[in-house]
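K.L.:
What follows is a single structure, and I will ask about it in a moment.
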Amino acid sequence: MTPRAASPVEHPVRSRRRALLVAGIAVAVVLSAAVAVIVATRPLGPDPRTPHPGMALTVVAGTQAADAAATATPGSPEQAAAAYLAARPTAAWLTPEEYGVDAVQARVEALVAQARAQAAALTIVVYGLPGRDCRQYSAGGLAPDAYREWTRRIARGAAGASDLPLLIVLEPDSLAQAPQCGNVADRVAQLRGAVDELSGSGASIYLDGGHSNWLPADQMADLLRQAGVERVRGFATNVSNYNLFADEAAYAHRISELLGGAHAVIDTSRSGAGSDGQWCNPSGRRVGDAGGSTGDEVIDVNLWIKAPGESDGTCNGGPAAGAWWPQSAVELTRDVIP
């Protein structure tokens, strides 16, 4: 029988080093696991493209206000008002009458280039759905197939803004107006189709949310739900209207609550004096809080969506809808221009 070899005796210094090495590895593993947990559970910072108060907003070049400032009599109230409004960040409106299917993509790309040069967020209003404005002052729009292609090309142009905050206000008045026009089903289908096309652009999209003096919050929330508000950022209120911000904020919060937390933007371009109940070129109105100046957990940011100085329609002495009206510009800015 072969005798078993004696077990070697390990050197005490090497044994101690090995023990320290093993302990060190164990500590490192524990620390790595702890860091992984911290990283996994640490809340991420806000998306820099998410709209928020204080964000820089694009001052669009070549607006009607800018043209009026350049052509009005120097030193006149009309020139001062136009120059003031031209310098304020205001949404750019896309209509098929001005930028048709073949021109709208290039227009969006040009707007994105302006926003990038200013390192600012860009707000675009898409306003061209079939049967727009229910045959009223801003009547127009495209046929259904053309509208789908038009919004598709808007999305292509907007895709170039992947590094910028881009806000799209989709079809003002469309949903709030639908019950009185008797075309809720058509409007819902049109808006859903537009969202299909525009959502791939990465923009923050806001559906028409009417305003606080139009439809009750529960009815507006139901219309937004039908139009697929859960697929977009939220809804816009007070577009082209005059209601005080506080009234619109309360309305937006109520709708958001009914929808489970949808976000909102509010138009404050002409809200400075509140509403007298008229919506078409009422007298005595004033510009409101500057765009980008306020918001909360529901209201992403306030914006100037309607361009102050542009007419609501041929009512109360105004020119055609969307046309520059010098007298309105002067009145709206009366309290902000010395």
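K.L.:
Suppose only helical runs count, i.e. DSSP H with n ≥ 4. What mean residue ellipticity at 222 nm does that imply for the chain under -39500 (n - 2.57) per run, divided by all residues and rounded to the nearest 500 deg cm²/dmol?
P.N.:
Dividing the helical sum by the residues of the chain leaves -12500 deg cm²/dmol.
K.L.:
How big is the charge dipole of the chain about its Cα centre, in debye rounded to the nearest 20, if each Lys and Arg gets +1 on its Cβ and each Asp and Glu gets -1 on its Cβ?
P.N.:
Here the chain has a charge dipole of around 2000 debye.
K.L.:
Now, a different point. Lys/Arg Cβ at +1, Asp/Glu Cβ at -1, dipole of the range 64-332 taken about the Cα centre: which of Trp279, Gly100, Ala121 is farthest positive-ward?
P.N.:
Farthest towards the positive pole: Gly100.
K.L.:
Give, in nm to one decimal, the length gained when the segment between Ala110 and Arg334 is fully stretched (0.36 nm per residue of separation minus the Cα-Cα distance).
P.N.:
Roughly 77.4 nm would be gained on extension.
K.L.:
Right, next: Would you calculate the convex hull of the Cα atoms in the range 251-308 and tell me its volume per residue in Å³?
P.N.:
88 Å³
K.L.:
Right, another one. Simple spin-label model, 7 Å along Cα-to-Cβ: Ser76 to Arg231 in nm?
P.N.:
Label-label distance for Ser76 and Arg231, simple model: 4.9 nm.
K.L.:
Using 0.36 nm per residue of separation minus the Cα-Cα distance, give me the extension gain between Thr294 and Glu97 in nm, one decimal.
P.N.:
67.6 nm
K.L.:
So what is the relative contact order for the chain, in percent, with contacts set as C-alpha pairs under 8 Å and at least six apart?
P.N.:
16 percent
K.L.:
Fewest to most neighbouring Cβ within 10 Å: what's the order for Ile337, Ile154, Ile205?
P.N.:
Listed from fewest to most nearby Cβ atoms, that is Ile337, Ile205, Ile154.
K.L.:
Could you sort 87-99, 51-63, 298-310 so that the peptide with the highest average Cβ count within 10 Å comes first and the rest follow in order?
P.N.:
Descending packing order for the listed peptides: 298-310, 87-99, 51-63.
K.L.:
May I pose another question? So if I restrict to the alpha-carbon atoms in the chain, what is the Rg, and what is Dmax, the biggest pairwise distance, in Å?
P.N.:
Values for the chain (Cα only, Rg and Dmax): 28.0, 122 Å.
FYI, it's all coordinate maths here, none of it is from the lab. Please read all numbers here as calculations on a predicted model, not as lab measurements. FYI the Cβ positions are ideal-geometry reconstructions off the backbone, even for glycines, and counts take in every protein chain you see.
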